[in-house]
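For reference, the structure is listed below as C-alpha cells.
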Amino acid sequence: MRGDLVRKLAARCLTTGLAVLAFVVLALTGATGWGLALAVAALAACAAEQRIRPSADLVAETTLIAAAILVGYSRRLDDGLDLALVATGLVLLGLVLLVGPLRTAGSLEIRSANLPVRNWTALIAGRLATAVLGLLAALALAAALALPAGVALAASLLVGAGAGAVALDLARRRFRPRAGGGSVAAALRRHQPEFLLYFSAPPGSEYQVTMWLPYLERIGRTFLVMLREPEFLAPIAAATDAPVVYCPTLGAMDQALVPSLRAAFYVNHGAKNSHCVRFTQLTHIQLHHGDSDKAPSANPVSGIFDRIFVAGQAAIDRYARAGVQIPAEKFVVVGRPQVESIEVGSEPTRGLAHPTVLYTPTWTGHHADADYCSLPVAEGLLRRLVERGATVILRAHPYTAQNPASARQLGRLTELLVADRARTGRQHVVGAAARELSLTECVNSADALVSDVSGVISDFLYSGKPYAVTDMGDEGDRFVERFPLAGSGYVLRRDMSNVDEVLTALLDTDPLAEARWATRRRYLGDFPAESYAEAFLTAARRELTPAETLTASAPA
C-alpha cells in the first residue's frame, strides 16, 4: 500500500510539473520546439497517471498543456490572431471540461460481457480522456509541422462531435430511460437465466467466483454473473461463457434481474449483498468461498439467506459454537465440490527422506481477531524444513500483498527458498510459479501441509494426508477448542518452540492418521468419491425446481 501511494504521488508530481514547465517555456520563451516537446512529455505523463489512477482529475494539467500547444501553434504560424485557433481553443476547453462528467455518467451505465450487445456510449465516455490526450498530441505534431490552423479545428470538431453525441445519449438514458431497460436487459430476457451468481468484493478477489464457475455450469441451467465492481468484468468474463453483467447502481440491478430468475447464489458476506437479498422473489443461497474454523465462517449475517450450503456438519456446529442461532432447515450439507479432483491416499506415508511440504500462510484479515497469519514467524519453520531435506511449495493468500509488512515477510521467505534451490537443487515452488498452480495441484504434489487457520486445511483434509496448524494467538489447549479442525493436525506454537516435535509427527510418525478420517467425514460430508460433486449439483437443481413440480414428483 505504501509503495502504491508513492507511485501515485510520483505520477502526480511528474504530470503537474511537466504541464507547468511546458506552458512556461512556450508562453514566456522563444524555445517553441523544446516547449512542444515538453508538452508531448506532459501528455505521456498524463496517460501514465491515468493508468495508475483511473479516476484522476487532470483538468488543470490538460488545460495548461492545451494552452501551451495553442501558443506554440500560433507562434509557428506567425499570422497574428488566428480565429481558427481561437475556435480550436474553445472546443478543447469544452472537451477538457466534459471528460469528468462524461466519465462519471458512463460509469453509472450497466455493462456486460458474453452477451450479443455492446454499450458503446459508456465505453466511449470512459475513453474520452484518452481521446483528448491523443488529440492534443496530434495538435502538437501539427504545430511542429506548421500545418494550417484549419487542420487543428477540424480534428477538434471531430472529437467534439463524438463527445457531444455521447453526452446527449447519456442524458437521454438518464432522463428518458427505455421501458423495460436497455439492450443488456433485452438480451438477458432472451437468454432466460434461471439463477445468478452475485459478487461484490475488494480487488483481487475474483478467485472466490472462479472456484465456483465450473460447478455452476455443471448444474445445466442458464445463469448469469452479476458484479458490483467494474474491475472484475474482464477476468470473470474470461473464465466463463455465461453472461457477466456489471451493475453499478440499484437501477442497473433492476434491469438485470429479469423475470426468469429463480435463485441467487453468493460466495461471501460482502456488504452489498443486501442490495440483492431485497429481491424476495428469489431464493438466496450462500455458498462461501472456503470452509474453515475462522471467525468469519460463522458470520451472523448468514442468517439473511434462505439457504446456507455447507461442506459438512462441522460448519453447522461452528455457527452453534459461536452462538449464532440459525434455523436448522436453512442448512444444506453439500460437501466441498472443489476437492473432487484431490487424490486420496489410502495408506499413511511415513518417514519420507525428501518430503514435499505445502506451506499456505493466510492473510492478516480485516480485524485483529481474524489475524491468523504466520508469516512473521515462518522463517524458522522454513529453515527447519529445508534442513530436513524437504521441498517446499510456498503458496500465500492472494490478499498478502495488501499488507506491506506481510509482502516484505513473504519476500524474505521466497529469497530463502530460492537460495536453497540454487545451493541444493531442490525444486522449491515460490512466487508466480506457485500462484500458477491450482490448489488441487499443490495438494496432489505435497506429502504434508503446514497452514494457518484457513479453508486450505479443509480442502487438504480430503486427501487424508497429515497437516500442521499454526497457533498464532498462543492459546495453548484452548486453540483446539476454538478451532476443532486443528485437533486432527499438529499444532505449531507461535514461538516455534515445538517445531522439531511437530515436524517429526508430521513427516515421520503421524500418530493422528486414523483420527483424520473421522474429521474428514464431519467437515466434508460422507459422499462417494466417484460422485462427490453430485451432492452440490443435486441440491442446487432442487432449489431451481418450482415448488409445484417438487410436490407433484414427491412419492405419495
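The values are calculated or read from the model by the stated rules, or taken from the named source; none is laboratory data. Every value quoted in this text rests on a predicted model; they were computed, and no experiment measured them. Positions of Cβ are backbone-derived with ideal geometry, glycine not excepted, and every protein chain shown enters the neighbour counts. Accessible surface areas use protein heavy atoms only, side chains included; no ligands, DNA or RNA. Shrake-Rupley method; radii C 1.70, N 1.55, O 1.52, S 1.80 Å.
Based on DSSP H segments of at least four residues, each scored -39500 (n - 2.57), the chain has a per-residue ellipticity at 222 nm of -16000 deg cm²/dmol.
With only Lys, Arg, Asp and Glu charged, each at its Cβ (+1 for the first two, -1 for the last two), find how big the charge dipole of the chain is about the Cα centre; round to the nearest 20 debye.
In debye, rounded to 20, the chain gives about 1460.
Each Lys or Arg adds one and each Asp or Glu subtracts one; over the other residues with Cβ under 10 Å from the Cβ of A540, this totals +4.
Computed over protein heavy atoms with a 1.4 Å probe, the carbon and sulfur contribution to the accessible area of the stretch 438-515 reaches 46%. Seen through its C-alpha gyration tensor, with square-root eigenvalues sorted a ≥ b ≥ c, the stretch 470-512 comes out oblate because a/c lies at 1.5 or above while a/b is not bigger than b/c.
Could you point to the label whose value was computed as mean projected area of the Cα convex hull in nm² for the structure here, given (1) 23.9; (2) 36.2; (3) 31.7? Given (1) 23.9; (2) 36.2; (3) 31.7, the structure-derived one carries the label (3). What separates the Cα centres of the stretch 250-298 and the stretch 130-202 is a distance of 32 Å.
Using C-alpha pairs below 8 Å separated by at least 6 residues, the relative contact order for the stretch 261-361 is 21 percent. For the stretch 382-430 versus the stretch 1-52, the inter-centroid distance based on Cα atoms is 40 Å. How high is the relative contact order of the stretch 298-454? Use alpha-carbon pairs under 8 Å, at least six apart in sequence, and give a whole percent. This gives 26 percent for the stretch 298-454. Per residue, the stretch 441-511 exposes 33 Å² of accessible surface when a 1.4 Å probe is rolled over the protein heavy atoms with every protein chain present. If R0 is taken as 60 Å, the Cβ-Cβ distance between L147 and R176 corresponds to a FRET efficiency of 0.90.
Got a sec? What order do C13, C247 fall in by accessible area at 1.4 Å, biggest, i.e. largest, first?
Highest to lowest solvent-accessible surface, that is C13, C247.
Do you know the relative contact order of the stretch 1-88, to the nearest whole percent, from alpha carbon pairs under 8 angstrom that are 6+ apart? RCO, the stretch 1-88: 33 percent. Entry comment: accessible area of the stretch 130-235 is 44 Å² per residue, from protein heavy atoms only and a probe of 1.4 Å. On the basis of the beta-carbon distance and an R0 of 30 Å, D241 and R542 show a calculated FRET efficiency of 0.80. Whole-Hz Karplus values for the stretch 282-297 come out as 9, 8, 9, 10, 8, 9, 6, 10, x, 10, 8, 8, 4, 4, x, 6 Hz, taken residue by residue from phi with 6.51 cos²θ - 1.76 cosθ + 1.60 and θ = phi - 60°; glycine and proline positions read x.
The 3J(HN,Hα) values that the Karplus relation (6.51, -1.76, 1.60; θ = phi - 60°) gives for the stretch 443-451 are, in residue order, 4, 5, 7, 9, 9, 7, 10, 10, 9 Hz. Gly and Pro appear as x. Across the accessible surface of the stretch 66-132, with the other protein chains kept in place and a 1.4 Å probe, carbon and sulfur atoms take up 63 percent. The packing ranking of peptides 64-73, 148-157, highest mean first, is 64-73, 148-157, where packing means the average number of other beta carbon atoms within 10 angstrom of each residue.
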